[in-house]
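Report on the following structure.
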Amino acid sequence: MGLSTKIIKSIGRSWRSNVKKFGIYEKVLPVETTPSRVVPDTIERPDYLARGKQLTLPCLPEIKDDNQLNGMRTSCKLASTILSQVQNFIKPGVTTDDIDQLVHSLIIKAGAYPSPLHYKGFPKSICTSVNNVAVHGIPDLRPLSDGDIVNVDITVFLHGFHGDCSKTFKVGNVDNRGLQLVEITEQCLGIGIGTCGPGVPFSEIGASIQRHARKNGLTVIPSIVGHGIGQYFHGPPDIYHIRNRYPGVMKAGMTFTIEPVVSHGTQNTVLLDDGWTILTEDGSRTSQIEHTVLITNDGVEILTK
C-alpha cells in the first residue's frame, strides 16, 4: 500500500468521526489536470526560470527604496485586482483548472508572469486549495461542489517585482462551520496586520493570530509561514502565524506576506506524492487569506488591498 493510500484511509476514518466538529463538506483529493499553460516569449520571466543563473536573495529583511516600493505597489495592485475578479467566476461546476485558465489569461493580458508557474517545478499558474487541502493545491479537473471552500493564491511578476495575495472563497451554500472558519481566518489576518509597525518584533504577528484563533476554538497550521517578497519570490523575514521566537523587528521599507492557515482540527499535515499538495492529517477543512504588506514610518500599508 502506497503512502498516499494509507494517508487517504486515515483521513477518511478521522473525518467521519469528527463531522460535528468539522462540519459538512466533501473531502478532496487531487484528480487529473491539464498541461501547464504557455507564456508568450515577450513577457519578462523571473530569475529562477533562467538556466544557470545564480539566484540572489537578501540575507536579512530588505529595506526597499522608493523605486522598489513603486514596483511593489504596481505588482501587488495587479495581483489584488485579478483576485477580485475571481469572486464572480467561482460557482458549483467550475473546476479549479478553469480558475487557473482565467487567472493565467488575465495575468498574461496585463503583461505579467504568473510567478508559481514552473517555480521549483510547480506545474500551474496559481494554487487552488479546496476544503481539506491546506496549501499548494494544484488546479485540476474536479468540479467545485456546492458547499466547498476554495483558496485561490495568486502571485504575479511584473516589471521585476512579485505581488502575492490569496483569499478563501465560498462556493454556493456553505455550512455554518465553514462560514465561521472563513470569517475567523479573515479576522486573524486583520489582527496580525494590525500589530505591524516600525520597531515591532516579527514574532508579535504570530502570537496575536494564534491567540485569536484559539479563543474561537480553532487551530493555526504552524508549518505554513509568510515571507519577505520583492524582486525575489520568497526571502527573509519568515512570518510565523503562531507563538514563536523569530528574531528581529520590523523597519520602514520592509515588505512581506502574512498568510495564516486556520483549521477546526489538529495542526498536523501530510504532503502527497506530487510534492506540493498539503492536506490536513485529520481531513479537517482549512481557510487561508493573504496580503502583502509594507511597513511604513508610522504603521503598515496593505499593498494588495
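Output the pairs from K20/K167; K170/K305; K21/K124; K53/K251; K77/K124 with a Cα-Cα distance over 27 Å in this structure; if there are none, say none.
The pairs that break the limit, which is 27 Å between Cα atoms, are K21/K124; K53/K251.
Only four residue types carry charge here, +1 at the Cβ of Lys and Arg and -1 at the Cβ of Asp and Glu. Report the dipole size of the chain about the Cα centre in Debye, rounded to the nearest 20.
Result for the chain is approximately 720 debye, rounded to the nearest 20.
What nm distance separates the two modelled labels at R211 and N176, each placed 7 Å from Cα along Cα→Cβ?
Rounded to a tenth, the inter-label distance reads 2.9 nm.
Place +1 on the Cβ of every Lys and Arg and -1 on the Cβ of every Asp and Glu in the chain, take the dipole about the Cα centre, and give the residue among N67, L179, P139 whose Cα lies farthest towards its positive end.
It is L179, whose Cα lies furthest towards the positive end.
Starting from the Cα gyration tensor of the stretch 135-245, take the square roots of the eigenvalues, sort them a ≥ b ≥ c, and report rounded, prolate or oblate (rounded when a/c is under 1.5, otherwise prolate if a/b is larger than b/c, else oblate).
It comes out oblate by the Cα gyration axes.
Once label points are set 7 Å from the Cα along Cα→Cβ at both A252 and V19, what is their separation, rounded to one decimal in nm?
About 5.7 nm separates the two model spin labels.
With +1 on each Lys and Arg Cβ and -1 on each Asp and Glu Cβ, and nothing else charged, work out how big the dipole of the stretch 265-305 is about its Cα centre, in Debye to the nearest 20.
My answer is approximately 140 debye.
Please compute the Kirkwood hydrodynamic radius of the chain from all pairs of different C-alpha atoms, in Å with one decimal.
In the chain this quantity evaluates to 19.5 Å.
How many percent of the accessible area of the chain is carbon or sulfur, using a 1.4 Å probe?
Of the solvent-accessible surface of the chain, carbon and sulfur hold 52 percent.
How much area per residue is accessible in the chain when the probe is 1.4 Å and only protein heavy atoms are counted (Å²)?
On a per-residue basis, the chain sits at 44 Å².
Subtracting the Cα-Cα distance from 0.36 nm times the residue separation, let me have the gained length for F89 to E183 in nm, one decimal.
Going from the current span to full extension adds 31.8 nm.
Of the residues G93, G230, G147, which exhibits the maximal mean-square fluctuation in a Gaussian network model of the chain defined by a 10 Å Cα contact cut-off?
Among G93, G230, G147, the largest GNM mean-square fluctuation belongs to G93.
Expressed as a whole number of Å, what is the distance separating the alpha-carbon centroids of the stretch 49-83 and the stretch 168-198?
26 Å
Roughly how many Å² of K251 are accessible to a 1.4 Å probe, to the nearest 10?
Its accessible surface works out to 100 Å², give or take rounding.
What spacing in nm lies between the two simple spin-label points modelled at L141 and V200, each 7 Å away from Cα in the Cβ direction?
4.7 nm
The values are calculated or read from the model by the stated rules, or taken from the named source; none is laboratory data. Computed from a prediction, not measured in an experiment: that's the story for all the values here. Here the Cβ is made from the backbone with ideal geometry for all residues, glycine too, and neighbour counts use every protein chain on show. Keep in mind that these areas ignore ligands, DNA and RNA; they rest on the heavy atoms of the full protein, side chains included. Shrake-Rupley method; radii C 1.70, N 1.55, O 1.52, S 1.80 Å.
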